[in-house]
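Shown next, in structure tokens, is the structure this report addresses.
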Amino acid sequence: MAAGENKLFRRRLVGSWISTVISISLVLLLVGIAALLLVNARSVSDYFKENMQVSVLMTPDVEEEAAAKFQAELDARPFVKETSLVTREQGTREMAEMLGPDFLSVFESSPIPVSIDVTLKADYVSTDSLAMVKDLVSASPLVDEVVYQQSLVEKLNANLKRISLVLGVFILLLLFISFVLINNTVRLDVYSKRFTIHTMRLVGATKAFIRRPFLWKSVIQGVVAALLATLMMALIIYFLKKEFVQVTEVFPPESLAMVTAVMLVAGIVICLVSTFFVVGRLVSLSRNELYY
């Protein structure tokens, strides 16, 4: 009978340990997602900015060869990330898809000029910088017009500022909630062993001696939970990458390593601090207080 009770007790201990680790790992996953967004806030902003294009329309008499040379000059500019030459034929096909195949019937010759689509570096996607870029590019006699959506740029920058502010508040709130949840999880786990702690105190064990095995256990719990949370995050990013290739640009692999370190430190520190204070409180309880 005693052997069966011991086996059942061990099974309950293992079940309690596993449930605690899973609970902590889920909370750390939320912390990791928040940290991933925080670490990559700049790259997320840059990604949206660098997906906006500026169209450089050449004058009607400019041929593709001259446009290609001007494209090479643009590529050498410090504010340009990449360029793409749009030929007359390509531009005509795009217009035909938009306006229908008969839109050229009213013209004697194709009105579509050669153009260059320019992607700027993120630091230059602002109202003032775009105005400067427009003046520099328009100074060439080959350029007829430089076109971009100014209202879109203003809205993009304004929305990114709002999103950054909301994200910052959300991360602080999430970190606080994470600390509370992990603290409560550890407290429940340690509190279930309050009678063992009381027995150790009765035989003369010091607070430091009683705390030591609980602190080591909390370190192991924090490490295992952090690794489990990292695995779950890696799987989420993997499946996102299969659907959206751009995820690699926004969340580079090195940022995942940094977030893993954050989750590992957070898991260990919060578990250690929670265990330290909870065990210290339980050691001070009287026998009657153990039942409440």
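If you add up the charges near Lys121, with Lys and Arg at +1 and Asp and Glu at -1, over every other residue whose beta carbon is less than 9 angstrom from its beta carbon, what do you get? Don't skip to the answer; put the middle values down first.
Working: positive: Lys49, Lys81; negative: Asp46, Glu50, Asp123.
Residues near Lys121 contribute -1 overall.
Under a 5 Å amide H cut-off, with hydrogens placed 1.01 Å from N, Val80 pairs with Lys121 among residues at least 5 apart or on other chains. Here each label is just a point 7 Å from Cα along the line to Cβ, and for Lys81 and Ala131 those points are 2.4 nm apart. Spin-label model, Ala257/Lys161: points 7 Å from Cα along the beta carbon direction are separated by 3.6 nm. Here Lys81 sits with roughly 110 square angstrom of accessible surface, probe radius 1.4 Å.
Amide hydrogen proximity for Glu145: with H placed 1.01 Å from N in the peptide plane, the residues at 5 or more positions away or on another chain lying under 5 Å are Leu57. Each of Ile22 and Phe176 was given a label point 7 Å from its Cα along the Cα-to-Cβ line. The distance between the two points is 3.0 nm.
Let me check something: with ligands and nucleic acids excluded, how do Lys155, Lys49 order by accessible area (1.4 Å probe), largest to smallest? Spell out each step's value before the answer.
Details: Lys155 130, Lys49 35 Å².
The residues order as Lys155, Lys49, largest area first.
Here the Karplus relation 6.51 cos²θ - 1.76 cosθ + 1.60, evaluated at θ = phi - 60°, turns the backbone of segment 58-70 into coupling constants of 7, 5, x, 8, 7, 8, 5, 5, 5, 5, 5, 5, 5 Hz, with x for every Gly and Pro. Measuring only protein heavy atoms, the 1.4 Å probe finds Arg93 accessible over about 140 Å².
Exposure check, 1.4 Å probe, all protein chains in place: Ile237 carries approximately 30 Å² of accessible surface.
For Val86, nonlocal amide neighbours, meaning residues 5 or more places apart or on other chains whose placed amide H falls under 5 Å from its own, are Ser115, Ile116, Asp117.
The values are calculated or read from the model by the stated rules, or taken from the named source; none is laboratory data. Quick caveat: nothing in here was measured; it's all calculated off a predicted structure. Neighbour counts run over all protein chains shown; Cβ positions are idealised from the backbone, glycine included. To get the accessible areas, we keep the full protein, side chains included, count just its heavy atoms, and leave off ligands, DNA and RNA. Shrake-Rupley method; radii C 1.70, N 1.55, O 1.52, S 1.80 Å.
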